[in-house]
Amino acid sequence: MIAWEGQGFSPYNCPKSLRRIALTVVCNLTQLKNAFQIIVFFLLILLPACEGKESTKSQTEPTVVVKLLDSSRVNQPLKAIAILLDSEFTNKNSQIFVALEENGEDTLKKDLSNEYELAMEFFANLEIDSFNQKWLQSKDKRHSAVFGKTFANPGKNTIRGYVWDFYGFEVTDSIIPSQSRKYYFEFEVHTMDNK
């Protein structure tokens, strides 16, 4: 079904291909004896297509769930898991990687505009990372990844990173943007002292 934005029927709110047909019919109707029947015929055909826009994309955006697997202690690695629910590339056999900013003075921006300027750590999904499969029994290993971070200071610390969903190629910086999508996440962790 052809769908586009517009309310009601007008030759001007239809796609160009149908607009030409609609305008031609409107112009030629004055010359035809059975104009009323032709108008009704085309209205019955074109009106349902002009009534509304149906989105071909899922109404729900993909969701990233990040969960801590243990508590955070000074100088001990914190374990967490990221799971991508409802991947945008479900039918493309996609997979994820998790990227975390390394400890530094600059922080990763939400729009990821500075991701190539920062040192990043990458963590593979559980289909590749068999060592960390013991931490989680996941049905969808391609869209689940265990990652970790170590903090040197007690108190509030922030984990910033993104889940990288992609298909079609191995992980490289040359992936075509339309074949990958990145989902930023950020959360605070209370790191306890070892004393």
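Structural remarks
- Summed over segment 82-98, the residues that are in a strand (DSSP E or B) and surrounded by fewer than 20 Cβ atoms within 10 Å (Cβ to Cβ) give a count of 2.
- Flag for Ala124 being in the same structural domain as Gly161 (by TED's automatic domain parsing) and buried (at least 17 other Cβ atoms within 10 Å of the Cβ): yes
- Selection of segment 101-119 for residues being closer than 20 Å to Thr150 by Cα, assigned to a loop (DSSP other than H, G, I, E, B) and not hydrophobic (A, V, I, L, M, F, W, C) yields Glu102, Asn103, Gly104, Glu105, Asp106, Thr107.
- Residues that are out of contact with any Asp or Glu (no Cβ under 9 Å at 6 or more places or on another chain) and over 15 Å from Ala80 (Cβ atoms), drawn from segment 141-154: Ala152, Asn153
- Condition met for Ser144 (under 19 Å from the mean Cα position of the chain (by Cα) and within 16 Å of Val65 (Cβ to Cβ)): yes
The values are calculated or read from the model by the stated rules, or taken from the named source; none is laboratory data. Treat the numbers as computed from the prediction; the structure is a model and nothing was measured. Backbone-built Cβ (ideal geometry, glycine too); neighbour counts: all protein chains shown.
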